[in-house]
Amino acid sequence: MHTACNHHLLSSSFILQIPNKFTKHHSVTVFTSPTTNGNILNPILGCSKKSSMDGPKKTTRKNPRRSSYGSSRKSVLRKTFKQEQVTFTAPISEDPVVAIIGGGMSGLLCALQLEKRGVRSTVFDTGIHGLGGRMGTRTVDPSMIFDHAAQFFTVSNPLFSELVDDWSHKGYVRESLGVIGELEAGGDFLPFPSSPPRYIAINGMRTLADSLLSQSSMVNVVRPCWISSIEPFNGMWHLSENGKHRGEFDAIVIAHNGKCANRLLSTSGLPLIARQMKRLDLSSVWALLAAFEDPLPLPPKAAGIPFEGAFVKGIDSISWIGNNTQKLFNSQNEGPHCWTIFSTSSFGKRHKVPQENIPNATAEKVKGLMLAGVENALGVPIGSLKKPIYTRVQLWGAALPTNSPGIPCIFDPLGRAGICGDWLLGSSLEAAALSGISLANHTADYLKSGGSRPDEFAVGLHDEFQPLDGHDIGQFPGLESNNKDIHEAQLQLGV
């Protein structure tokens, strides 16, 4: 789940391979040459950018209609498909540094695995309160803590199991002992079996993200930071945030998705990566955080047990209710009682608004409908719940993937750039971790090869996408029989 952003889009640039007497190798130099009518002049020297689409230019409207989200989607698509491919020819430095844009599970595990391979990295993340991406936690006060994105995770892959065992030993995570299940409208609760184990982070999911890099020595973190442009220049990638230079790097990793990533890639010189990112479809989900002074009236089958949460069936406005107080503090009796409630993706789509500027009327309407959904799920009369002592609604506009290429990572060796994220394998924290590790190994292998055999390192640039199954709040491998395990043999992690 990602927050929205407003990025400055830069005009297309031509990449010219020119010997530079001031450097020790041939460099990749960028020239941007706008004409008076806003078009770009043709390059006049040996161009190493090749058009990603041939054919005559289409006439565009003088004033295309813009969406309510700040830019024309057709404009972004047009830039994505017509941009030319960057080809780096400069030798890779002896001590390369990788930029990782996105500090969720995938980006963090990519950074840690690069460190194991002896490669330095810098993680850029937009988080104001901390790292984590979908591992988001909101702390109102010490007794009022909400996991407002990922609720828990499961383990099915042996490599991920080793990681989780290590995190458990270090005190980052623990097994959740509460009961979850399915809740039908009217209060019919069916508990799930205790296997497979479910894991949560101590004091909220974000604490896991903040703990992962606590002992690293080769990972730099820059936050909050909105990388707004990536430009190739003199054999390196140059990153900037609204005109402020943020460093130069031998390779880049895109570890986020959605609107921001599409804008960033639309003029990057990475048309194949940009095209794959544009194929990704993402759902929208509303999150309601609600704290009650007294315990909620649980259904008979959920009463008297450590009820932690349920996937809700048959109610359009909600798909999950989770008791943070029970989960984090093992308490059902001491208040306040903090619940995270998620909508269905269909409800999220129907009530979608710009998430960075939610109208008060929409927020109140969504809150009322979701609380009514809770009453329906619990089997109590509408309007009978006591008013919460605290509420907050949040729209995850790019919540979860609904399709996937089913590969661990994407890498463009000509542009020295890759993509990692849960969506490449599924929609779980396990998938995110395995994708980050896979891309780190692939990138490290490429850097150590000197970049002399790029054809051997191209991965995932043309794979087709298939629909994803799962809950509205993601996949939990092993939790249900219809969830397919992520097999190590398919990942080719090279560990």
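Rounded, prolate or oblate for the stretch 379-465? Axes are the square roots of the Cα gyration tensor eigenvalues, ordered a ≥ b ≥ c, and the cut-off for rounded is a/c under 1.5.
Numbers: a/c = 4.12, a/b = 3.23, b/c = 1.27.
Because a/c hits 1.5 or more and a/b exceeds b/c, the stretch 379-465 counts as prolate.
Given charges of +1 on the Cβ of Lys and Arg and -1 on the Cβ of Asp and Glu, with all other atoms neutral, how large is the dipole of the stretch 306-390 about its Cα centre, in debye to the nearest 20?
Values: 9 positive and 6 negative charges, 45 e Å.
Approximately 220 debye in magnitude.
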Report the residues of the stretch 278-318 in range of a label on residue 403: point 7 Å along Cα→C-beta, backbone N strictly under 16 Å from it. 278-284
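How do 380, 98 line up, fewest other C-beta atoms within 10 Å first? All intermediate terms of the calculation are to be shown ahead of the outcome.
On the way: 380 17, 98 27.
In order of increasing Cβ crowding within 10 Å: 380, 98.
Between the DSSP loop rule and a limit of at most 11 other Cβ atoms within 10 Å, which GluC sites (Glu not before Pro) in the stretch 121-208 are left? Present the calculation step by step, with values, prior to reporting the outcome.
Values: sites: 162, 175, 182, 184; in loops: none.
When the GluC sites (Glu not before Pro) of the stretch 121-208 are filtered for loop state and at most 11 Cβ neighbours within 10 Å, nothing remains.
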Three-way shape call for the stretch 255-357 based on the alpha-carbon gyration tensor, with the a/c threshold at 1.5: prolate
Could you name the aspartates and glutamates in cross-link range of residue 327, using Cα to Cα under 12 Å and dropping any fewer than eight places away on the same chain? 147, 175, 308
Between residue 89 and residue 218, the two model label points (7 Å from Cα along the beta-carbon direction) sit apart by a distance in nm of 3.0 nm
Please report 205, 105, 277, 218 as a ranked list, fewest other C-beta atoms within 10 angstrom at the top and most at the bottom. 218, 277, 205, 105
Are there any trypsin sites (Lys or Arg not before Pro) in the stretch 240-285 that are in a DSSP loop and have at most 15 other Cβ atoms within 10 Å? List them by number. 279
Which ³J(HN,Hα) values, rounded to whole Hz and listed in residue order, are derived for the stretch 398-410 from phi using the Karplus coefficients 6.51, -1.76 and 1.60 in 6.51 cos²θ - 1.76 cosθ + 1.60 with θ = phi - 60°, glycine and proline given as x? 10, 6, 9, x, 10, 8, 7, x, x, 10, x, 6, 10
How high is the FRET efficiency from residue 449 to residue 128, r the C-beta distance, R0 35 Å, rounded to 0.05? 0.35
I need 129, 169, 351 ordered by Cβ neighbour count within 10 Å, fewest first. 169, 129, 351
Cross-link reach list, aspartates and glutamates versus residue 386, counting only Cα pairs under 12 Å and skipping chain neighbours closer than eight places: 293, 294, 375
Potential extension, residue 387-residue 245 segment - 0.36 nm per residue separation minus Cα distance: 46.3 nm
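Each reported figure results from applying straightforward, stated rules to the coordinates on display, with no laboratory input. Quantities reported herein were computed from a predicted structural model and do not represent experimental measurements. Glycine also receives a Cβ, built like all others from the backbone with ideal geometry; neighbour counts cover every protein chain displayed.
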